[in-house]
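In what follows, a single structure is set out as structure tokens and then discussed.
The values are calculated or read from the model by the stated rules, or taken from the named source; none is laboratory data. Fair warning: this is a prediction, and the values are worked out from it, not measured in the lab. With ideal geometry, Cβ positions are generated from the backbone for all residues, glycine too; neighbour counts draw on all protein chains shown. Accessible surface is based on the protein model in full, side chains and every heavy atom, while ligands, DNA and RNA are left aside. Shrake-Rupley method; radii C 1.70, N 1.55, O 1.52, S 1.80 Å.
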Amino acid sequence: TAELQMRGAAVFERYMRHWLGAEFDEIPRSTPFNYVVHQQTMISPDRLQATYGAIGSQVERHCADGAYFGVDMPGRVERLSDEEARAEYGEAVDAVFSTQELAIDPDPVADLIVKKVVDTEAITIRRDTMVTGVDTTLRYLDTVSVDGSTSRLGPYDHVVNCAWEGRPALDAGVGLAQRAPWSFRMKYFLKTMSGVSLPSSTIVLGPFGDVVQYANGEQYLTWYPSSRLGWSTDLTPPPWPTRPCALEADRIARQILANLAEVVPAAADVSPETVEVRGGVIFALGQTDIDDPTSQLHQRSNVGVSTFGVRYLSIDTGKYTTAPLFAHEAAERLTGQP
């Protein structure tokens, strides 16, 4: 898993800038992440320190200085002193490791991708249309529009399944099995411009949370037990709402902030009235939750581009970091060119 994430991180910025242009450089980035070891961690701080050190050494081999968002020594990991840790973290924390890891804001990235697609004359866009099936022999798409009318589109030279929660059902329809048993999770998060300065933090190792502090002041906040409110192992997940009702949104926001405040005390100063509650579906291989140390959810290496026949590709991006890597691989398979 670590090896694959490094490969993705090493090319992420270069590929995205190539596809999206100089505007990609304007996307807000986070402050460097701290890995914050909770007292209820599944793995001890000393074991984590050894693992992080080994991963850091691998990062240095994969990512040259400057290749990862201009960062020098991208594999550097340092364990903070207790005094340094207590300056920003609460009593629920056993240890803190500073890293060079960064996040980028996915919302403006998505906006740029949409703009690029819309502005590209060679791409035909069909709005308000759902693909319900694929004929891989003739390479047609069966679709239904929002008004209920059905149609068959094609034929196409190739069909690439880049759907998200709809991807497994389309794969099953052509006879392509998933690589292992899977699950869908509905996870909610908070986005806010609270004005409160918070350290970018990944709380490990278990069902905890994350804090992302972007350079433009925006923040992303989660706490897993309060954020993960849907679970399904069906072929297609239920239609979970991406924006909960006002009462539910307020409850989620208050629970996330209260739990985060035990780890990052400054989170207590974030007002629930300043946050926006949103959610999205997570697809991953594995059918037990992250509090199970043996769960496949902890392994994100069995992902990527699958081929059915010679004309149908299905892409499980795994993590956000590896999406450009697999997009490039899919293009190579389609064109036969590097």
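Observations on the structure shown:
- Positive contributions from Lys and Arg (+1) and negative ones from Asp and Glu (-1), summed over other residues with Cβ under 14 Å from the Cβ of residue 265, come out at -3.
- Under the span-like rule (Cα at least 24 Å along the axis, Kyte-Doolittle mean at least -1.0), DSSP H helices of the chain: 2-20, 45-62
- Derived scalar couplings ³J(HN,Hα) [region 83-89; Karplus, 6.51 cos²θ - 1.76 cosθ + 1.60; whole Hz; x for Gly, Pro]: 5, 5, 5, 5, 5, 10, 10
- For region 221-268: rounded, prolate or oblate by the Cα gyration tensor [a/c cutoff 1.5]: oblate
- Separation of region 184-259 and region 126-161, taken as the distance between their Cα centroids, equals 34 angstrom.
- Going by accessible surface with a 1.4 Å probe and the largest first, 228, 333, 47 read 47, 333, 228.
- Only protein heavy atoms count here; on that basis, with a 1.4 Å probe, residue 131 has an accessible area of about 50 Å².
- Given a 1.4 Å probe and the protein chains as shown, residue 18 ends up with an accessible area of around 150 Å².
- For the chain, the Cα-based Rg and Dmax, in that order, read 21.1, 66 Å.
- For region 123-129, Karplus couplings with θ = phi - 60° (6.51, -1.76, 1.60), whole Hz, Gly/Pro x: 9, 9, 10, 10, 8, 6, 10
- Where region 1-86 is the region considered: accessible area per residue in Å², 1.4 Å probe: 55 Å²
- Rounded Å value of the spacing that divides the Cα centres of region 61-99 and region 29-52: 9 Å
- Think of each Lys and Arg Cβ as +1 and each Asp and Glu Cβ as -1; about the Cα centre, that makes the dipole of the chain roughly 1000 debye.
- Carbon + sulfur, % of accessible area of the chain - ligands and nucleic acids excluded, 1.4 Å: 52 percent
- Taken along the Cα-to-beta-carbon direction at a fixed 7 Å, the label points for residue 216 and residue 3 span 3.8 nm.
- Positive dipole terminus of region 196-338, leading residue within 201, 220, 308 (C-beta point charges): 308
- Rounded accessible area of residue 313 (nearest 10 Å², 1.4 Å probe): 10 Å²
- A cut-off of 5 Å between modelled amide H atoms, ignoring neighbours fewer than 5 places along the same chain, links residue 182 with 286.
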